[in-house]
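Asks: Quick one: the structure is below, and I'll ask about it shortly.
Each reported figure results from applying straightforward, stated rules to the coordinates on display, with no laboratory input. It should be emphasised that the depicted structure is a prediction, and the values quoted were computed from it without experimental measurement. Note: ideal-geometry Cβ built from the backbone for every residue, glycine included; neighbour counts use all protein chains shown.
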Amino acid sequence: MKLKSDFFAKNTLWVAKNLLGKRLCRKLRSGKIISAIITETEAYQGFNDKASHAHKGRTKRTEVMFGEPGTIYVYLIYGMHCCLNLVCEKMDYPAAVLIRGVEGINGPGRVCKHFQIDKKLNGKKIGGELWIEDKNKKVSGFMIHVSRRVGVDYAGESKDLLWRFMIKN
DNA sequence: TGCGCGATTCTC
DNA sequence: AGAATCGCGCAT
């Protein structure tokens, strides 16, 4: 079953945890469909999260994070890698979950490379070209490891928030 | 108009 | 440990 936008219209931490074990699916430019189980996520949420791009307010770049739940947010980092996020919560509230890793592929940049995800998907809704499926009966009952987010040491008191989630093993 | 830096990854 | 590489946010 494809997840619908109502799945994302919830607390960002809940979405980050509950995306673990779901299947990320992508229709490649060639038409071929590939997928992998999501194993690692991070939450970026609210007006007080200094690690979030949206902390500095609504800008051309962060506008997507204020949009409808289930919207795709892709940004370019370090001038060379793309990162995939899914917008959560409600309109006008900045929130997204970063997909940091899938089965066999670690790191947000490598996930985007593998799934051929770039900024052309930014602002689009999940559904046609990129979607999440929840039908993995064998992927359940796993343990979730919680830790601090990666690469946000600049974020003051927000850097120690335990908003990173990954499947153990 | 210019500058510093980043939710990273790969190589030396 | 250092490079690669560019758009964004803020200062000028």
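Asks: What are the ³J(HN,Hα) values, in whole Hz, obtained from phi via the Karplus relation 6.51 cos²θ - 1.76 cosθ + 1.60 with θ = phi - 60°, for each residue of segment A:65-80 in sequence order, with x given for Gly and Pro?
Replies: Per residue, the Karplus-derived 3J(HN,Hα) values read 5, 8, x, 6, x, x, 7, 8, 10, 10, 10, 8, 10, 6, x, 8 Hz.
Asks: Ok, one more. Can you list the HN-Hα couplings for segment A:151-165, worked out from phi with the Karplus curve (6.51, -1.76, 1.60; θ = phi - 60°), rounded to whole Hz and with x for Gly and Pro?
Replies: x, 10, 4, 6, 8, x, 5, 6, 5, 9, 4, 8, 10, 10, 10
Asks: By counting other Cβ atoms within 10 Å of each Cβ, how are A:M143, A:M166, A:M65 ranked from fewest to most?
Replies: Least crowded to most crowded, the residues run A:M143, A:M166, A:M65.
Asks: Cut-off 10 angstrom, C-alpha nodes, Gaussian network model of chain A. Which of A:T59, A:T71, A:T12 fluctuates the most?
Replies: Evaluated over chain A, the most mobile residue of the options is A:T59.
Asks: Next question. Where Lys and Arg each count +1 and Asp and Glu each count -1, what net charge lies around A:P108 among other residues with Cβ under 12 Å from its Cβ?
Replies: With Lys, Arg at +1 and Asp, Glu at -1, the net is +3.
Asks: Distance cut-off 30 Å, Cα to Cα: go down the list A:K2/A:K113; A:K17/A:K60; A:K32/A:K60 and report the pairs above it.
Replies: Pairs exceeding the cut-off: A:K32/A:K60.
Asks: Using Cα springs under 10 Å in a Gaussian network model of chain A, which residue among A:E133, A:E42, A:E157 shows the largest mean-square fluctuation?
Replies: A:E157
Asks: Here's another thing I want to ask about it. Beyond 25 Å, what percent of the Cα pairs of segment A:5-167 remain?
Replies: 23
Asks: Pairing rule first: another cysteine's C-beta must sit under 4.7 Å. Under that rule, which cysteines of chain A stay single?
Replies: Result for chain A is A:C25, A:C83, A:C88, no neighbouring Cys Cβ within the cutoff.
Asks: Return a whole-number percent for the relative contact order of segment A:5-167, with Cα pairs under 8 Å and 6 or more residues apart as the contact set.
Replies: Computed value for segment A:5-167: 28 percent relative contact order.
Asks: Could you name the aspartates and glutamates in cross-link range of A:K168, using Cα to Cα under 13 Å and dropping any fewer than eight places away on the same chain?
Replies: Leaving aside aspartates and glutamates fewer than 8 places away in the same chain, those within reach of A:K168 are A:E40, A:E103.
Asks: Moving on to the next point. How large is ³J(HN,Hα), in whole Hz, for each residue of segment A:86-98 in order, when computed from phi with the Karplus curve 6.51 cos²θ - 1.76 cosθ + 1.60 and θ = phi - 60°, using x for Gly and Pro?
Replies: 10, 6, 10, 6, 9, 3, 6, 10, x, 7, 7, 10, 7
Asks: Using the alpha-carbon centroid of each, what span in Å lies between segment A:91-106 and segment A:1-75?
Replies: First find each Cα centre; the distance between them is then 5 Å.
Asks: Can you show me the helix-derived [θ] at 222 nm for chain A, built from DSSP H runs with n ≥ 4 at -39,500 (n - 2.57) apiece and divided by the number of residues, rounded to the nearest 500.
Replies: -2500 deg cm²/dmol
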